[in-house]
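Peer 1: Structure incoming, see below.
The values are calculated or read from the model by the stated rules, or taken from the named source; none is laboratory data. Model, not experiment: these values are computed from the prediction. Please note: Cβ atoms are built from the backbone with ideal geometry, for glycine as well, and neighbour counts cover all protein chains shown.
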Amino acid sequence: MPEPERIGIFGGTFDPPHNGHLAAARAAIASLGLDRLLLVVANDPWQKSGRREISDADDRFALTQCLAEGIPGAEASRLEIDRGGPSYSVVTAEEIKARAGGVGAARAGGPPPELFLVVGADLVAELESWERPDDLKRLVTLAIVTRPNIREQTLPKGWRAASVVGPAVDVSSSMVRERLRAGESVEGLVPEAVIRCIERLGLYAVHR
């Protein structure tokens, strides 16, 4: 019996992607022995939508493609963009499992893929508020990435989880956006390939 394919799902707004995303992705691939890691760009991140302006999805996907260039085994995915509407992890996991074989692979004698949902430790407390949490916990194993200055949270009942030691650098997309809009350097916070893409697309500039 062949081993199941191990697929990581690392979803996010990626507005923009930064070195924290880079380090977390590399750590997840290494510690979980992933065959593939999908960097899934949210179309409409429902928990953020309406709270702040979010960059165009195609621009965020272009930035994420640049991020993936520095992560062997990772690839940017526009699955949620192409699907349209709000981006729910459970629907994405269902679609990835179906595309990777799912029931069809099992009928052919091979095992369905094993899915790992990569999340920051700061999101653990919110899991039960996500769309269809009971279905999601049956579909995936959480890969909980530690973050600087984030205390360990109690995992809600019923979830399978593995721990991933995350980046030591304390960086967020909001920090990067603020620095760029202020005309400050983000060197050391954002991969060079992503910085070049930001400049090419003219993103995050102060509007005067």
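Peer 1: Quick one: would you say L39 is surrounded by 22 or more Cβ atoms within 10 Å (Cβ to Cβ), among the hydrophobic types (A, V, I, L, M, F, W, C) and either in contact with an Asp or Glu (Cβ under 6 Å, 6 or more places away or on another chain) or over 26 Å from R179 (Cβ atoms) (or both)?
Peer 2: Details: surrounded by 22 or more Cβ atoms within 10 Å (Cβ to Cβ): yes; among the hydrophobic types (A, V, I, L, M, F, W, C): yes; either in contact with an Asp or Glu (Cβ under 6 Å, 6 or more places away or on another chain) or over 26 Å from R179 (Cβ atoms) (or both): no.
Against the criterion (surrounded by 22 or more Cβ atoms within 10 Å (Cβ to Cβ), among the hydrophobic types (A, V, I, L, M, F, W, C) and either in contact with an Asp or Glu (Cβ under 6 Å, 6 or more places away or on another chain) or over 26 Å from R179 (Cβ atoms) (or both)), L39 does not qualify.
Peer 1: Exactly one of (1) loosely packed, with under 13 Cβ neighbours inside 10 Å; (2) in contact with a strand residue (DSSP E or B) (Cβ under 8 Å, 6 or more places away or on another chain); (3) within 29 Å of A62 (Cα to Cα) is unmet by R160. Its number?
Peer 2: (3)
Peer 1: Continuing with the same structure: Kindly list the number of the only condition in (1) assigned to a helix (DSSP H, G or I); (2) modelled with pLDDT of 90 or more; (3) out of contact with any His (no Cβ under 8 Å at 6 or more places or on another chain); (4) not aromatic (F, W, Y) that fails for I54.
Peer 2: Status for I54: all satisfied but (1).
Peer 1: Further question on the same structure: Find all pairs meeting these conditions: Cβ atoms under 9 angstrom apart; at least six residues apart or on different chains; first residue within the range 124-148 and in a helix (DSSP H, G or I); second residue of a type in the set (V, I, T).
Peer 2: V124/I144; V124/T154; A125/T154; L127/V119; P133/V90; D135/V90; L136/V90; L139/V90
Peer 1: Can you name the number of the only condition in (1) modelled with pLDDT under 90; (2) surrounded by 13 or more Cβ atoms within 10 Å (Cβ to Cβ); (3) farther than 21 Å from L39 by Cβ; (4) under 22 Å from the mean Cα position of the chain (by Cα) that A105 fails?
Peer 2: Result: A105 fails condition (4) only.
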